[in-house]
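Trainee: So that we are looking at the same thing, I have put the structure below in structure tokens.
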Amino acid sequence: MDIPNLSSNPSPTPVLAPKATPLIKTNSSPLLSVKVLLIILVIAVGMGYFISRTYPLSGSKNASLLNGGENAISTENITDKSAIEVGKLYGDTATVFKDSATGTIEKGSINGVGTHILNREGGVSQRASLTSSVVDLDLFVGRQVEVKGETNASKQTNWLLDVGSVKVLQ
């Protein structure tokens with residue numbers, strides 16, 4: 001059953017609104033926005049690099065606590081081996097070193113590399129060549145120590161370690 005239309009006015013035809021024009025015309029393309037993002041990214045990376053070089057975290061209070069904090073002593077003023085104490089940390093305390101080894105220090109080099117040798121357990125194949133511009137390694141000759149530093153490349157020796165800090169064990 002159909003419902004009759006009781007209205008006397010015929011249904012009006014819909015009127016379409018005129019097409020709106022934008023107030024500001026932009027000629028931006030997706031390529032332009034990618035360029036802007038790349039410029040912002042380059043500036044951000046550059047600023048981050050600059051800030052990391054200006055304010056390094058390695059000099060912070062927490063880094064020195066990781067390396068021994070108050071027990072750390074510089075070897076600059078020590079001239080006598082008898083002044084070296086067991087359990088003390090000597091050398092650079094502001095840097096966190098990733099490489100470490102334990103052994104006895106002796107004067108000499110391996111194949112002309114290094115100023116000292118770290119004799120470790122395991123024999124001749126486990127020895128390490130040592131150099132240091134931070135610590136006077138002559139003060140620790142004959143002592144059982146734990147050395148921390150950075151490994152350097154060498155073709156003449158198995159392991160060349162640039163020592164940053166020394167902890168006397170015995």
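The values are calculated or read from the model by the stated rules, or taken from the named source; none is laboratory data. Since the model is a prediction, treat every value here as computed from it, not as a measurement. Every residue, glycine among them, receives a Cβ derived from its backbone with ideal geometry; neighbour counts consider all protein chains shown.
Trainee: Within the range 88-109, how many residues turn out to be part of a strand (DSSP E or B) and charged (D, E, K, R)? Can you show your working first?
Mentor: Of all residues in the range 88-109, those part of a strand (DSSP E or B) come to 89-91, 99-107.
Now restrict to residues that are charged (D, E, K, R): 99, 106-107.
Count: 3.
Trainee: Any idea which of (1) over 25 Å from residue 86 (Cβ atoms); (2) in contact (Cβ under 8 Å) with a residue 40 or more places away in the chain is the one residue 100 doesn't satisfy?
Mentor: Unmet condition: (1).
Trainee: Is it the case that residue 70 is out of contact with any Gly (no Cβ under 6 Å at 6 or more places or on another chain) and at pLDDT below 85? Full working, then the answer.
Mentor: On the way: out of contact with any Gly (no Cβ under 6 Å at 6 or more places or on another chain): yes; at pLDDT below 85: yes.
Against the criterion (out of contact with any Gly (no Cβ under 6 Å at 6 or more places or on another chain) and at pLDDT below 85), residue 70 qualifies.
Trainee: Would it be correct to say that residue 108 is at pLDDT 85 or above, at positive phi and exposed (fewer than 14 other Cβ atoms within 10 Å of the Cβ)?
Mentor: It is true that residue 108 is at pLDDT 85 or above, at positive phi and exposed (fewer than 14 other Cβ atoms within 10 Å of the Cβ).
Trainee: Would you check which residues across the range 120-145 are basic (Lys, Arg) and over 22 Å from residue 87 (Cβ atoms) and list them? Show your work before the answer.
Mentor: Kept after step one, since they are basic (Lys, Arg), are these residues of the range 120-145: 120, 127, 143.
Answer for the range 120-145, where residues must be basic (Lys, Arg) and over 22 Å from residue 87 (Cβ atoms): just 127.
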